[in-house]
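Derivation of every value follows stated rules applied to the coordinates shown; laboratory data play no part. Since the structure is predicted, the reported quantities are computational estimates derived from the model, not experimental observations. Here the Cβ positions follow ideal geometry from the backbone for every residue, glycine too, while neighbour counts run over all protein chains shown.
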Amino acid sequence: MRWAARFLPYRPQDTIARRFALTIMAAVTSAAVLSGMVVSFAGAWLQPPANDAGLAQAAISITHAIDVAPPALRPALAAATTTRIYRVEWHAVDDPLAAMLRQRAGLNDLQEPLAWLADLNPRSLMFAATADSPAAAHLHHDFLSDPHPRFLAIRLKDDSWLIYAHTHRGRDTIVRALRVGIVLTFLLLSAALVSLVAARQLSRPIERIAEAARQFGTNPQAPPIEETGPRELRGVIRAFNAMQGQIQKFVGYRTAMLAAISHDLRTPLTRMRLRGEFVEDVEQQARLFRDVDEMQAMVDGALAFFRDDANEEAVTAFDLGGLLTIIADEYADQGVAVAYAGPSHAVYRGRPFALKRAITNLVENAVRHATPPSVTLEDPPGSMAIIVRDDGPGIPEDALEQVFSPFFRLDRSRNRVTGGVGLGLTAALAIVRGHGGDITLTNRPEGGLEARVTLPVT
């Protein structure tokens, strides 16, 4: 198969360098085509100005035609061949200008023309004139509009002369500048257009990678990215997908292992309770059962925590304001007044049941240890903020971060009935950080605790 590959047609790889090269080529080609079309269809006012070479080509045909015409017809033929770009004058043998040309006198800046005139070149010359030069009195030229003209003089066979002169040299300069401006304008426009299209094609895979990274930060079960784009970006996407798959496997193994450990702890706890029935000391038996019940509650809480971590719900768009209103109404049904302030409708993309559990844990923590809180929803640019405030005693400053640790409880809530097992705030923080946000606790200056949940808007 190796020898067969040599005869297969070459297939260039899609790389960033190749795209840049194609972009430059497309920009230059489109600029040339567009500017050429504009110049072609814009009419005579934007045609290339008659330069010396163009005038020489016209002079060859006109000179041969007038040279064979009778002298009486030559002034009319010269006038008939005059255009708005160049003017033709015929000067007879006895004309003063013809004498000056034969004698090479009274003329400024005499030059021999280039080889453009072919067989006419030996009997032609170029000269300049100004308004105060001797030849100016015999030339039909507007020296006010063009004070430094140049003329092409060709001697006919009977020693008379034909004089050719541009009539719009100033306009030619404007046309040249206009042509250059149009070419540059279309070059810039076409380069910008082609570059924008190419940059869009190149940036789309990068945007998909960034979006996938954001989704993976809020949804560990996000699907892999489709491998498209240049070769270098496909390599980045392939590496990102491999990393995402490894992290998903690691999280799955960790969750399954911790859940299995917590589940296996139930068996020795059950044996401890059974053996405790044989303890004759009632006080010691009660202490043992209390410790077993506390450990059982911790194991059940850990199992619920890991189960929720393993069975994450799908990310969807939902009404966050309506969700907070439902939480307040549920507590109102229990006789607990939880005030809500904020918009009644605020669309957010996330996991609604998980967020409801996180906010409920914060509210429940305030209801147990402080006063029924107030819940406020704010929507600053680029994020959502949920603030839970109570009027309780607050918590020590050195414990504001520790309360998020698993199974951590403050001294005043060591009672399992009122204080829980210490996983509520841990679960809430895990859920919020799973959405790419964070929870901060601060003691209010007027008293009480404020829990601020910040959620990014994606």
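Please work out, to two decimal places, the log10 of the ratio I(q)/I(0) at q = 0.25 Å⁻¹ from a Debye calculation in which every Cα of region 228-281 carries one identical scatterer.
The Debye formula, applied to the Cα set alone, gives -0.91.
So if R0 is 51 Å, what FRET efficiency would ASP391 and GLN201 give, r being the distance between their Cβ atoms, rounded to the nearest 0.05?
Efficiency, rounded to the nearest 0.05: 0.35.
Based on the Cβ-Cβ distance of ALA314 and VAL180, what FRET efficiency does E = 1/(1 + (r/R0)^6) give at R0 = 41 Å, to the nearest 0.05? Present the calculation step by step, with values, prior to reporting the outcome.
Working: r = 60 Å, r/R0 = 1.47.
Using R0 = 41 Å, I get an efficiency of 0.10.
Using per-residue counts of other Cβ atoms within 10 Å, averaged over each peptide, order 16-25, 278-287, 389-398 from highest down.
Highest-to-lowest ranking by the protection proxy: 389-398, 16-25, 278-287.
Quick one: if you stick a label point 7 Å off each Cα along the C-beta vector at GLU211 and ARG368, how many nm between them?
Taking the simple label geometry, GLU211 and ARG368 are separated by 4.2 nm.
Please give the peptides 363-371, 247-255 ranked by average Cβ packing (other Cβ atoms within 10 Å per residue), highest first, as a rough proxy for protection.
Numbers: 363-371: 19.4, 247-255: 13.0.
Listed from highest to lowest mean packing, they are 363-371, 247-255.
Considering only the other residues whose Cβ falls under 13 Å of the Cβ of HIS140, what net charge follows from Lys and Arg at +1 and Asp and Glu at -1?
Spelling it out: positives minus negatives among the neighbours equals -3.
When the Kirkwood radius is taken over all Cα pairs of region 314-458, what Stokes-Einstein diffusion coefficient follows at 37 °C and 0.692 mPa s, in µm²/s? Can you show the working numbers first?
Details: Rh = 15.4 Å.
Answer, rounded: 214 µm²/s.
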